[in-house]
Each structure stands twice: as structure tokens, then as C-alpha cells.
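Heads up: the structure comes next, in C-alpha cells.
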Amino acid sequence: MSKRWWALGFIALAQFMVIMDTSIIGVALPRMRTDLGFSPDGLSWVFNAYVVAFGGLLLLGGRLSDLFGARRMFGAGWAVTLAGSVVAALAGTAGVELVGRVLQGAGAAMIAPSALTLLMMLFGDRPKELTKALALYGAAAPAGGTAGVFLGGVITEWLSWPWIFWLYVPISLLALLAAPALMPAAPARRGAVDVAGAAAVTAGLALTVFAIVGAADQGWASARTLGSLAGGIVLLAVFLVIQRKRRTPLVRLGIFRTPNLGGANLAQFLLGAAWIPMWYFLNLYLQQVLGYGAFASGAALLPMTVLIVVLMVGAAPKLIARFGSKPLIVAGLWALAAGLLWLSFASPTGTFVIDVLPASLVAALGQALAFIPSLGTAISSARPEEGGLASGIVNTSYQIGSALGLAAMTVVGMSFGADRLGDTVALTNGFSAAFLGAAAIAVAGGFLALATLRTPKPATAAEQSPDIAPAS
């Protein structure tokens, strides 16, 4: 195996670990609440603190990757993750635990865009291998999400919850040792860090994500939610003003005029907004209605994960080469919508084989079809020197879309009974409403992809780009 593919293995591992960090703590939360003294409302911030830091710092992480080199930022991200994991594992109070989670999220915000930039550096001039590399990278996400459910349960049951965070220590050290030998080096580029712009966009995105993830508990009309949203919007507006005036901005606003970059990011945003609520509410249906335990629920999600991995790795590159990206993005979003619509017919007295398995596989087919083409189009549409920025933008799009979609569908579900524990009929009605809402998001995503993604004109051999197949 060549050095490039070993490097890709570590890049995929980075994606695996970043996504696993959002799911591995779920089973451990009740014991963490007892040991660390979390309040019922505060406990959710063991998860939310990571999401807020991750979503808020992604653009800055992408820009730093462009300025200081992707390999350097990749290593720095693992160093911050290592520090955060040690703090979280040793925490004796709720406050210290949240500090550790914020550090882990900040490390992930440095790792994610630099990892994608490194992938493009390794495979950007090899179009056939690039689609395979993106497929492996994309498949690591659902694998990480499912692995987190199992590992979190195993570690909590047989060891103790701090070992969830100790797990990241040897992996972080291994990544730090391997990165200099495997990852390509890129010279640092001229340019200053736009400190004011970075502060404005980071605070703005963090406040926005804070409002979104807290809306399910506080309510969309609460003073905290509205105040946070208003503050986030104002700060993001300030950020745009700063970017227009800076000679070396954090984000060159003209990048959004790049053909297909905006449309691909919109597809990623809506894909996350539909997929993550489905995963979340399907898990609740399995446990709260069908009576599955944590391990059985994780096992029930395995067929989806296996199908996604197989399709992303085995079929996506061939389909992109044959049909182009745009048809796959549109078809994938609509297939996801069909699976969600099917799930909305789940019964309070249903079974896994009838009510869950076939519909979840259709939804997984849609995710597998849409994810890689939209990701590849978003990354490859940018200038090579802005690869880190493009990676930060597309990661931000998916993460913010996921948070917004989950918060909105949680409100929808609760309006129809998703919060009435013990009443399987009401719970099923609430989950069905959430599935229908997520299906509507996916349908809208398909139409918007159809309208916004362009089909490039055929190029001559001399004009051919080494990028991923066009969004035709």
C-alpha cells in the first residue's frame, strides 16, 4: 500500500473520531450526572459544548489551515484534542468537564478542515482516486457514529465513563507521531490572521449554535433563545462588514460566487438537517417504543451503516464518473425523503423488520448517494490555495444544518407527543411528525440542488480539470 493511502487511513480515522465524539457519551450521561453533579438541564451540555465549539471554530480552523499549512494544523488539532480529553477524563466537577468538551470541540474544528485539505493535496491530481478517497472519508462518519454507541456502552458498563475520554489519548498520540511522516507538507502562505473577523464569526456562529441546540429545552420563543439568535445574527453581520473592508479577510466573500460551491454547501446543510433528526428519532423509537436497550438499538442501526459504507466506498465513485454529481445529489436527497416518509408510518406496536429496516435502508441509500458528490463538489470548486477555507465552510454547513434540523424537529416532535414517556401511541405520533418534517427538508433540498447546481460546459482535453466529476 502506498504512502498516500496510509495517510488517507489517518485522515479517515480523524473523521471517524470527530463524529464518534458526538455519540460515544450518550450511554454514559446518567452516570456522569451522578458523579459530577450536573443539573437535568445542564447535562445536555456535555454534548452541546462540543457542538458549539466545533461549529463556531470551523471557519477559523479552515483559514488557519490555509495560512500555516494543513499538516501543521492537523497536528495542532490532535494536540488540543489530547489536552481536552485529559481534562474531560480527570474532571471532578461539571464545569471542568465542560471545559474539556469545549477543548475537544476546538481540536475537532482544527482537524476537520485540515484533514479535507490534506486529502485534496494527496489525491487532487488523480481524479479517479480522489472519488475513492472521498468515499472512504465520507464512510468514516456513519461508522464513527455507530461505533460510538457500542463503545460508549461497553466502556461505561465494564470500565467507567472517564475511559470514554482516555480512549482518545493513545489515538491522539499516534496521530501526532504519524502526521509528520505521512502527511504532505505545504509552505506557509503570506497573510495575517483576521483577528477581528475571526472573533466575530466564531462568536456569531457559537451564539447561533448555542441558541439552536438549546431551543428544544428553552423554547424557540424564550428570551435566551431569541437573545442568542439576535446576538449571533448581529455578530455575523459585523463579520460580513469586516470581510468587505479587509485586504486579507478570514473569508474571501467572492468564494461564494464560485460556480456550484454555494449550491453544494446548501445541499450539505439540508442533508445534515434531514439526516441527523432521522438518526436521533429512530434511535428513540427503537428504545422508547419498541423497548430496545442501548446495545440492541445500536445493532439495529448497523444495517444502515453497513449499506452506507458499502455504497460510498464501492458504488459512489463509479456513479459519479457515470452520471456526474448533480443527479446523484438530487436523487439522494429525494431517496432520503422517501425513507423518512416511510418511517413516518411506524406503528406503536410495530417491529424492526417491518417498520424500521426497509425504510431505514432507503434513507441510508439516499444519504450515501448525496453525501460524497455534494462534499466533493464543495471542496473541488474552490481555488487550491483556499482548500482549507472551503473545507471549513462545508463542515460548518453540515454541522449547522444538523444542529438546526435536530432542534427544529425536536420542537415538531414534542408538539405531537414525543415528550410523553410511557405513552407509546403519543411517542410514535411525535416521532412520525419529526420524520415527516425531516422528509420535507430533504424534498426541498432536492429541488434547491436541482435549481442551484450548474452543469459545466464540456471542456477540451487541454481544459480538463483534475477535480471530482462535475455536478452534471
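Values for this structure:
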item	result
Yes/no for Phe256 being within 24 Å of Tyr398 (Cβ to Cβ), aromatic (Phe, Trp, Tyr) and crowded, with 17+ Cβ neighbours inside 10 Å	no
Selected residue (criterion: modelled with the lowest pLDDT) from residues of the range 30-77 that are over 21 Å from the mean Cα position of the chain (by Cα) and of a type in the set (Ser, Thr, Tyr)	Ser39
Check on Gly388, in the same structural domain as Trp275 (by TED's automatic domain parsing), modelled with pLDDT of 80 or more and of a type outside the set (Lys, Arg)	no
Criterion: farther than 21 Å from Gly138 by Cβ and in contact (Cβ under 8 Å) with a residue 24 or more places away in the chain - qualifying residue of Ser397, Ser402, Ser374, Ser297	Ser297
Helices (runs of 4 or more DSSP H) completely within the range 2-100 that count 2 or more residues being surrounded by 21 or more Cβ atoms within 10 Å (Cβ to Cβ)	3-23, 45-68, 70-90
Search result, residues across the range 435-455 that are assigned to a helix (DSSP H, G or I) and in contact with a Pro (Cβ under 6 Å, 6 or more places away or on another chain)	Ala438
Flag if Ser397 is outside any loop (DSSP other than H, G, I, E, B), under 25 Å from Gly254 (Cβ atoms), polar (S, T, N, Q) and modelled with pLDDT of 80 or more	yes
Filter pass, Leu282 being at pLDDT 90 or above and either in a helix (DSSP H, G or I) or among the acidic types (Asp, Glu) (or both)	no
Of residues in the range 407-420 being part of a helix (DSSP H, G or I) and surrounded by fewer than 24 Cβ atoms within 10 Å (Cβ to Cβ), the one modelled with the highest pLDDT	Val412
Filter result for Val362 (without any contact (Cβ under 8 Å) to a residue 40 or more places away in the chain, surrounded by fewer than 22 Cβ atoms within 10 Å (Cβ to Cβ) and part of a helix (DSSP H, G or I))	yes
All positions within the range 208-253 that are without any contact (Cβ under 8 Å) to a residue 60 or more places away in the chain, buried (at least 19 other Cβ atoms within 10 Å of the Cβ) and closer than 19 Å to Gly405 by Cβ	Ala211, Thr225, Ser228, Gly232
Flag for Val154 being free of Cβ contacts under 8 Å to residues at least 12 places away in the same chain, within 17 Å of Met20 (Cα to Cα), surrounded by fewer than 23 Cβ atoms within 10 Å (Cβ to Cβ) and over 19 Å from the mean Cα position of the chain (by Cα)	yes
Test: residue in the range 116-125 that is of a type in the set (S, T, N, Q) and either under 26 Å from Ala368 (Cβ atoms) or without any contact (Cβ under 8 Å) to a residue 24 or more places away in the chain (or both)	yes
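Residues are listed down the side, and each one gets a yes or a no for (1) under 19 Å from Trp78 (Cβ atoms); (2) more than 20 Å from the chain's Cα centre (by Cα); (3) at pLDDT below 90; (4) assigned to a helix (DSSP H, G or I):
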{"site": "Val102", "(1), (2), (3), (4)": "yes, no, no, yes"}
{"site": "Gly107", "(1), (2), (3), (4)": "yes, no, no, yes"}
{"site": "Met110", "(1), (2), (3), (4)": "yes, no, no, yes"}
{"site": "Ala115", "(1), (2), (3), (4)": "yes, no, yes, yes"}
{"site": "Leu118", "(1), (2), (3), (4)": "yes, no, yes, yes"}
{"site": "Leu122", "(1), (2), (3), (4)": "yes, yes, yes, yes"}
{"site": "Asp125", "(1), (2), (3), (4)": "no, yes, yes, no"}
{"site": "Ala133", "(1), (2), (3), (4)": "no, no, yes, yes"}
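Each row is one residue, and each column tells you yes or no for (1) modelled with pLDDT of 90 or more; (2) hydrophobic (A, V, I, L, M, F, W, C); (3) not in a helix (DSSP H, G or I).
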residue	(1), (2), (3)
Ala215	no, yes, no
Ala230	yes, yes, no
Arg247	no, no, yes
Gln268	yes, no, no
Leu271	yes, yes, no
Ala274	yes, yes, no
Phe295	no, yes, no
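Residue by residue, here is whether (1) crowded, with 19+ Cβ neighbours inside 10 Å; (2) in a helix (DSSP H, G or I); (3) not assigned by TED's automatic domain parsing to the domain that holds Phe371 holds:
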position: Gln287; (1), (2), (3): no, yes, no
position: Ile320; (1), (2), (3): yes, yes, no
position: Pro327; (1), (2), (3): yes, yes, no
position: Ala331; (1), (2), (3): yes, yes, no
position: Gly339; (1), (2), (3): yes, yes, no
position: Trp342; (1), (2), (3): yes, yes, no
position: Ser347; (1), (2), (3): no, no, no
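The values are calculated or read from the model by the stated rules, or taken from the named source; none is laboratory data. Here the structure is a predicted model, which means the values were calculated and not measured. We place every Cβ from the backbone using ideal geometry, glycine too, and count neighbours over all the protein chains shown.
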